[in-house]
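Quick notes on the structure that follows.
The values are calculated or read from the model by the stated rules, or taken from the named source; none is laboratory data. These figures come from a predicted structure and were not determined experimentally. So basically every Cβ, Gly included, is an ideal-geometry build from the backbone, and we count neighbours across all protein chains shown. Calculation scope for accessible area: heavy atoms of the full protein, side chains included, ligands and nucleic acids excluded. Shrake-Rupley method; radii C 1.70, N 1.55, O 1.52, S 1.80 Å.
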Amino acid sequence: MRTDVRTFVDEGALPDQEADEEEIARRERQLLAIARPVTAEEAAALAGCFGPDDCYGLAWSLVHLVETAPVPPPVVPRPGPDAAWWAETLWRRWGDPAEADAEPDG
């Protein structure tokens, strides 16, 4: 895994919109430093970095970065009924199509 990806992944999930401006700006710089395309391994690691909301659009930039990998995006599990809206958004985009017809949990 490349250093710039490892740095971003090691920081963990994107902050929520309540984070201070410097933290959001720092994460944005880290995200923009990652050269495209990413590898399948990097995409899988980056897919674990979504926070509770879209972090002023940074989460969408992360979605598009993950989708540059030369393989399909990682499949995310169907979120439970109390999951954040962002988890539902990712599932609708990358979730298992076979689960789409199944009844949701809860």
Review point. If you stretched the chain out fully between residue 33 and residue 2, how much longer would it get, using 0.36 nm times the residue separation minus the C-alpha to C-alpha distance?
Key: 10.1 nm
Review point. When the helices in the chain are scored as -39500 (n - 2.57) per DSSP H run of 4 or longer and the sum is shared across all residues, what 222 nm value do you end up with, to the nearest 500 deg cm²/dmol?
Key: -13000 deg cm²/dmol
Study note, to complete from the structure: Per GNM of the chain with C-alpha springs under 10 angstrom, the most fluctuating residue out of 81, 73, 37 is 81
Study note, to complete from the structure: For the chain, dividing by residue count, accessible area per residue (probe 1.4 Å) in Å² works out to 57
**Study point:** Given charges at Cβ of Lys, Arg, Asp, Glu: the stretch 14-97 dipole, positive-most of 63, 85, 75
**Key:** 75
Revision key, fill the gap. Whole-Hz Karplus couplings 3J(HN,Hα) for the stretch 50-67, θ = phi - 60° and coefficients 6.51, -1.76, 1.60, Gly and Pro as x, run 7, x, x, 9, 8, 6, 6, x, 4, 5, 5, 5, 5, 4, 5, 5, 4, 6
Study note, to complete from the structure: Cα-based Rg and Dmax for the chain, in Å, come out at 14.1, 42
Practice item. Give the carbon-plus-sulfur fraction of the accessible surface of the chain in %, rounded to a whole number; probe 1.4 Å, heavy atoms of protein chains only. Key: 52
